[in-house]
Amino acid sequence: MGLVHTVGLVLHPRRDCTEAIDTIIGWARDRDVAVLGLRDEVGRIDCAASAVDSAELVDRASLLVSLGGDGTMLRTMRLIEGRKTPVLGVNVGRLGFLAEVDVAELPTALSAIDDHRYTVEPRTAVSTVLPDGVPVTAFNDVALVRVPGDGLAAVGITVEGNRFVRYAADAVIVSTPTGSTAYSFSVGGPIVSPNVEGLLVGAAAAHSSFNRSLLLSLDDQLVLDVLPPSGRLAVEVDGLVAGYVSAGDTLPITAVRAAARVVRLGATTFYERARRKLRVYGSAEVE
């Protein structure tokens with residue numbers, strides 16, 4: 001019996017996903033597999049996917065397919081957080097780190113998943129609770145970012161109950177291994193395999209001689225304290241503003257193991273994708 005009985009679609013908000021959707025629906029029709037899509041997404045295009053809300057999509061789908069780029073893939077992972085449902089990323093547009101196949105490879109990929117010929121990469125998430133009590137979860141990063149005109153981000157880093165460093169910076173970033181190639185990379189952080197269990201803490205444009213990233217165990221207790229000199233800070237969750245914090249606020253940070261499961265079919269490796277996406281080249285003297 002095939003693994004896939006219901007495919008759930010998550011679409012990029014602007015890119016044309018028609019070819020990919022038609023390919024999935026054609027594959028599913030031949031196997032009596034249901035195809036679902038989020039009501040506000042499939043409602044704007046003419047397709048045969050059944051429109052449902054996010055709760056029903058998550059409950060019914062045995063496979064989620066993300067059509068777009070890394071942003072769409074992150075949104076899909078947040079949608080399915082905590083469940084064992086595998087997520088297949090499909091490139092629609094620019095090459096991403098998280099997507100596994102292009103549209104032309106979809107039929108082969110879906111058949112391989114249906115036949116259990118795939119592996120999953122468990123992805124770590126990072127979560128916190130905002131001062132208003134709203135919980136948030138990120139698969140790339142949670143960042144405390146200065147609001148223009150409101151002063152610097154003054155943030156204390158406390159690990160295992162001990163104050164480690166106080167930053168005055170443009171932003172303080174807590175990143176997962178998945179997010180090591182995102183905001184963290186732009187501030188000089190390392191490229192980290194998604195199989196590593198750890199969190200990176202770093203600062204953007206730190207006003208300090210200490211500007212190195214800190215690699216923590218997932219079991220380390222991490223707290224971010226917004227210090228009295230700080231301006232109001234935006235809390236960005238995977239690049240989206242989820243709320244704001246001010247001096248005196250405290251954010252406890254929690255790592256979530258295997259919060260989502262990304263499909264891998266073995267055609268490429270993380271290092272090949274990172275090298276292409278980041279345009280990693282060696283020194284001219286040895287090339």
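What dipole magnitude, in Debye to the nearest 20, does segment 1-149 give about its Cα centre under +1 on Lys/Arg Cβ and -1 on Asp/Glu Cβ? Mind dumping the intermediate values first?
Numbers: 15 positive and 21 negative charges, 75 e Å.
Roughly 360 debye, rounded to the nearest 20.
Label-to-label distance for ASN162 and ARG232 is 3.7 nm, based on points extended 7 Å past Cα in the beta-carbon direction. Taking other residues whose beta carbon is less than 15 angstrom from the beta carbon of GLU56, and scoring Lys, Arg as +1 and Asp, Glu as -1, yields -1.
If one computes P(r) from the Cα atoms of segment 69-155, what percent of pairs lie at distances over 23 Å? Please report the intermediate quantities before stating the final value.
Details: 1507 of 3741 pairs.
Value for segment 69-155: 40 percent of Cα pairs lie more than 23 Å apart.
With each label modelled as a point 7 angstrom along the Cα→C-beta vector, the VAL134-ASP46 pair spans 3.8 nm.
Lys and Arg at +1, Asp and Glu at -1: add these up for the other residues within a Cβ distance under 12 Å of VAL172 and post the number. Neighbourhood net charge equals -2.
What is the sum of charges, Lys and Arg at +1 and Asp and Glu at -1, for the other residues whose Cβ falls under 12 Å from the Cβ of ALA109?
-3
Between the beta carbons of ARG276 and ASN195, assuming R0 = 22 Å, the FRET efficiency works out to 0.70 to the nearest 0.05.
Compute the convex hull volume of the Cα atoms of segment 111-265, divide it by the residue count, and report the result per residue in Å³ as a whole number. Working shown, then result.
On the way: hull volume 17.6 nm³, N = 155.
With only Cα atoms used, segment 111-265 gives 114 Å³ per residue.
In units of the rule-of-thumb radius 2.2 N^0.38 Å, segment 135-213 shows an alpha carbon radius of gyration of 1.08.
Give, in whole angstrom and from largest to smallest, the semi-axes √(5λ) of the equivalent ellipsoid of segment 181-238, with λ running over the eigenvalues of the Cα gyration tensor.
Numbers: eigenvalues 91, 44, 30 Å².
Computed over segment 181-238, the values are 21, 15, 12 Å.
Under the rule of -39500 (n - 2.57) per DSSP H run of 4 or more residues, summed and divided by the residues of the chain, what mean residue ellipticity at 222 nm is obtained, to the nearest 500 deg cm²/dmol? Could the numbers behind the result be given before it?
Details: 7 runs with 55 residues, N = 287.
About -5000 deg cm²/dmol.
Using a simple spin-label model with pseudo-atoms 7 Å out from Cα toward Cβ, ARG29 and ASP53 lie 3.0 nm apart.
Over segment 179-287, the pair-distance histogram of Cα-Cα distances with 10 Å bins from zero comes to 10, 33, 36, 15, 5, 0 percent, rounded to whole numbers.
The alpha carbons of segment 30-117 occupy a box of 31, 29, 27 Å along the principal axes, longest dimension given first.
No value in this document is a laboratory result; all are computed from the given coordinates. Note that this is a predicted model, so its numbers are computed, not measured. Backbone-built Cβ (ideal geometry, glycine too); neighbour counts: all protein chains shown.
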